[in-house]
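This report concerns only the one structure given below.
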Amino acid sequence: MITRHEVSTGRRCQMVDITPAVSYAVHSAGIEEGMCVVYCPHTTAGVRINEGADPDVAADILAHLEKLVPASGGYKHAEGNADAHIKSTLVGSSVTVIVENGHPALGTWQKIFFCEFDGPRQRKVIISVR
Ligand code: ZN
């Protein structure tokens, strides 16, 4: 089962917790065991799993990605968002989560984040459960 989920981002760089949407997609698929792929079809955003309990973790990730890949850095790509393309590449465009007992088998502190690097924008993620 494939579902699409809309994500509205409010800042240029932002990590949005999309775990509830993924859990909903898994429940809607009605399977007990399987795999869930969460895919980001954008070149300046990504999807990643990390700690969701302390919001400072996401803040640190974004702050240090900015140190690694600053917004202006003498890039060749003339559109002005070269850093966003590079950050998207570092983060990755999909995650796979095991479905166990009808739920995503996430660790206690894990959340699934949509990672925006060129917002604010209206984005989408594609969720496949099988
Ligand atoms: Zn670009």
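Bear in mind these aren't lab numbers, they're just calculated from the coordinates by the rules spelled out. Quantities reported herein were computed from a predicted structural model and do not represent experimental measurements. Glycine gets a Cβ as well: all are built from the backbone with ideal geometry, and neighbour counts include every protein chain shown.
For the chain, no complete DSSP H run has alpha carbons reaching 24 Å or more along its own long axis together with a mean Kyte-Doolittle score of 1.6 or higher.
Within 10 Å, count the other beta carbons around each residue, average over each peptide in 41-51, 77-87, and list them highest first. Before the final figure, lay out each step's value.
Numbers: 41-51: 19.4, 77-87: 16.4.
My ranking of the peptides, most packed first, is 41-51, 77-87.
The loop-placed chymotrypsin sites (Phe, Trp or Tyr not before Pro) in the stretch 34-116, going by DSSP, that have at most 14 neighbouring Cβ atoms within 10 Å of their Cβ come out as 109.
Set the Förster radius R0 to 41 Å, insert the Cβ-Cβ distance between residue 33 and residue 75 as r into 1/(1 + (r/R0)^6), and round the FRET efficiency to 0.05. Numbers along the way, then the final one.
Details: r = 45 Å, r/R0 = 1.09.
Efficiency at R0 = 41 Å is approximately 0.40.
The slack in the chain from residue 43 to residue 126, taken as 0.36 nm per residue of separation less the alpha-carbon distance, amounts to 28.5 nm.
Mean sequence separation of contacting Cα pairs (under 8 Å, at least six apart), scaled by the length of the stretch 2-129, corresponds to a relative contact order of 54 percent.
Helical content alone sets the calculated 222 nm signal of the chain at -8500 deg cm²/dmol, taking -39,500 (n - 2.57) per DSSP H segment of four or more residues and averaging over every residue.
The aspartates and glutamates whose alpha-carbon is closer than 12 Å to the alpha-carbon of residue 67, local same-chain residues fewer than 8 away aside, are 83.
Under 19 Å from a label point set 7 Å out along the Cα-to-Cβ vector of residue 1, the amide N atoms of the stretch 26-44 belong to 26-39. With each label modelled as a point 7 angstrom along the Cα→C-beta vector, the residue 90-residue 68 pair spans 0.4 nm.
For the stretch 30-90, just say rounded, prolate or oblate: build the C-alpha gyration tensor, square-root its eigenvalues into a ≥ b ≥ c, call rounded for a/c under 1.5, and beyond that prolate if a/b exceeds b/c, oblate if not. Intermediate results must be reported in sequence, preceding the final value.
Details: a/c = 4.34, a/b = 1.62, b/c = 2.68.
Oblate, because a/c is 1.5 or more while a/b does not exceed b/c.
What the Kirkwood sum gives for the chain is a hydrodynamic radius of 15.1 Å, with every pair of different alpha carbons counted.
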